[in-house]
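I have placed the structure first, in the form of structure tokens, so that the comments after it can refer back to it.
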Amino acid sequence: MAKSLSSPSFKLNIYPALIYRLLIVFVLLALCRLFFFLYNHEYYTDIDFPRLALIFWGGFRFDLTALLYLNALYLFMQIIPFKIRHNRIYQQTARWIFVFTNAVGIIINMADTVYYQITLKRTTAAIFQQFAHEVNLPGLVFRFLVEYWYVDVLAVFFIIILIFLYNKVEVKPAPNQNIWKYTVFQFALMAVTVYLTIVGIRGGFKHSTRPITLSNASAYITKPNERAIVLNTPFAIFRTLKKNSLQEKQYFSSQEEQEKVFTAYHSGKPDSIMAKKNVVVFILESFGTEHIGALNRDIEGYKGYTPFLDSLIGHSYTFRNSYANGRKSISGMPSVLASIPSLVAPFVLSHYSGNKINSLASTLGSEDYYTAFFHGAANGSMGFDAFTNQAGFDDYFGKDEFDNNDAYDGIWGIWDEEFFQYFNTEMGKMKQPFFTALFSVSSHHPFILPDKYKNKFPKGSLKIHKNVGYTDYSLRRFFDEAKKSDWYNNTIFVLTADHASTYSDILKYKTSLGTFTVPIIIFNPENEQLTGFDQTTIVQQNDIMPTVLGMLNYPKPYVAFGNDMFDQQAEHFTINYVGDSYQLIMDGYMLQHNGESATNLFDIEKDELLTQNLLGTLPDVEAKMDRKLKAIIQEYNRRLIRNEMVITQ
């Protein structure tokens, strides 16, 4: 009778069996990395084989550490110097611990392979906070599993391989020798194993070696986004648990010297009369610049998927070089509404999320504006209600307030068309002046549409395209109704996105610059002079708050990490953070920086695909941008650490 495939093929002593089983995990982690690279190859088209080999070699170091983190309990069970280790029930228990912990490691690695295209970085411990308030998390996970079923199948296959190979070895019975000799010898082996485990977790033998962290991956890469290949997700999560704190920087000899280069302090316009106009901000889910035809006229024959926004842009002021400050919705909210960038970690997930802040809601509220935030998702989704309360909004309108599940999409929230109409109706009831902001939901994965619109909008080449068309149509319907209202002409409208699109099929929008491109559109119906397409000024989400306050002649000082977009004397820039690297866009260049020194410099006008690293060839440009970036970092860290995000009179 043939031997069962799951039955042991050979027996080994404890330590050889332990090494064999850990090697299984090591190989599977490497295969997860290979799958990650192949699945996301479109983001790494310029990597040749020598560079890839170096990246994978560096990855083995992080796999070893992750392996030791995942198997700490199993390892302890196998090395304790007592004969109970050889007991059959004891070994069966250890087996299931081994299978469970390593299966979790495989699953999160495989899931992050897909999720990477949303965040462009390895998932960290911040994800637990990010989804802590997501009421529909089970439904989202189910949709994810269904849509990416082939990733599920591969993950299950890896786990089956793990179990199969584990079962091929059986631990030998305890040796028949003197208990004291056995115990002393096993204690010695345990001491050596503990030492080697500590070395593996720290990442080296030298006394000066510190436990490796995410930043150590930079030793094996050329571009910041390659760090995600070197790392693995279990390691990234373990090493970021309770580690979102910042450190005060002292790049400059004094705070006064730093503030000459950059300060977040804005004096306002105390000698001007404030214009009490209404302000309405639309934050459109995943509405990257890529989808908007009017902002891609350089692409021959490209029409985009936003005919209404294309027409509105013709009556608005907008910018060719406009960028998001983060890659997540929870980053977009503080950037758009409070001029807070997403550096190192999104503000709302950082240790400083409880700091007192100023925002468009709090500043305008101090001038007798009524303020309200609208989001069609379930109340509490992504913690938006908590942030808007912190930002000083008077009221929050969500799915609960809409109170009609007939318009519920079954996943995220109320369809944009119905919720935009609700938004318009509620503003008709408000006392002027008011400030409102709306965050849309329908252009979000899994990209479903109301049945009546299944075939109305162009499907395009990506799943998101038809949903972009639907939200654009919902905007058209909103403006068609809003312009009948008495508040409409006295209103400044700002339209932007929370972050750039996760999904792209245009090469320039897949670079570490292109993945931050979002529209910033400013429209005032009664001001026909406020039209134009700015081809040169570099602007960011952080600029929205100071721009609006500037247009209204806001008289008081405030904190903002951006500029008034219309201030011709300002040194305009964009700052964001990707793959554990800062990015500063200024004067037609992009500088990538690790916080201590520059790593890459690109001419974004001549090299939109970022293929030519100019680092070291333009010393004046590099020095100026290095100084600017360090001033921003120093100001940001100091204000967050010292809780100085508002101006105290």
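The values are calculated or read from the model by the stated rules, or taken from the named source; none is laboratory data. On a predicted model such as this, the values are computed, not experimentally measured, just so you know. Heads up, the Cβs are rebuilt from the backbone with ideal geometry, glycines too, and the neighbour counts pull from every protein chain shown. Quick note on the areas: whole protein, heavy atoms, side chains included, nothing else; ligands and nucleic acids left out. Shrake-Rupley method; radii C 1.70, N 1.55, O 1.52, S 1.80 Å.
Table for the structure above
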| quantity | calculated |
| --- | --- |
| Of the criteria (1) modelled with pLDDT under 80; (2) not in a helix (DSSP H, G or I), which one residue 170 fails | (1) |
| Count - residues of the stretch 346-378 that are open to solvent by 30 Å² or more (accessible area, probe 1.4 Å), part of a helix (DSSP H, G or I) and polar (S, T, N, Q) | 1 |
| Search result, residues across the stretch 125-155 that are open to solvent by less than 80 Å² (accessible area, probe 1.4 Å), within 30 Å of residue 91 (Cα to Cα) and among the hydrophobic types (A, V, I, L, M, F, W, C) | 154, 155 |
| Residue under evaluation residue 406, criteria (1) open to solvent by 60 Å² or more (accessible area, probe 1.4 Å); (2) outside any helix (DSSP H, G or I), criterion not met | (2) |
| Unmet criterion (only one of (1) more than 25 Å from residue 342 (Cα to Cα); (2) part of a helix (DSSP H, G or I); (3) not β-branched (Val, Ile, Thr)) for residue 640 | (1) |
| Residue check for residue 165: surrounded by 15 or more Cβ atoms within 10 Å (Cβ to Cβ) and either within 42 Å of the chain's Cα centre (by Cα) or over 18 Å from residue 110 (Cβ atoms) (or both) | yes |
| So residue 436, is it part of a helix (DSSP H, G or I), surrounded by 20 or more Cβ atoms within 10 Å (Cβ to Cβ) and in contact with a strand residue (DSSP E or B) (Cβ under 8 Å, 6 or more places away or on another chain) | no |
| From the options 101, 93, 65, residue that is in a helix (DSSP H, G or I), of a type outside the set (D, E, K, R), modelled with pLDDT of 90 or more and surrounded by fewer than 15 Cβ atoms within 10 Å (Cβ to Cβ) | 93 |
| Qualifying residue in the stretch 31-45 (condition: at pLDDT below 90, part of a helix (DSSP H, G or I) and within 23 Å of residue 611 (Cα to Cα)) | yes |
| Residue among 359, 329, 366 that alone is within 13 Å of the chain's Cα centre (by Cα) and among the hydroxyl-bearing types (Ser, Thr, Tyr) | 329 |
| Extreme residue, nearest to residue 332 (Cα to Cα), among residues of the stretch 492-510 that are open to solvent by 10 Å² or more (accessible area, probe 1.4 Å) and in contact with a Leu (Cβ under 7 Å, 6 or more places away or on another chain) | 503 |
| Hits in the stretch 302-342 - residues which are β-branched (Val, Ile, Thr), closer than 30 Å to residue 579 by Cα and not in a helix (DSSP H, G or I) | 318, 340 |
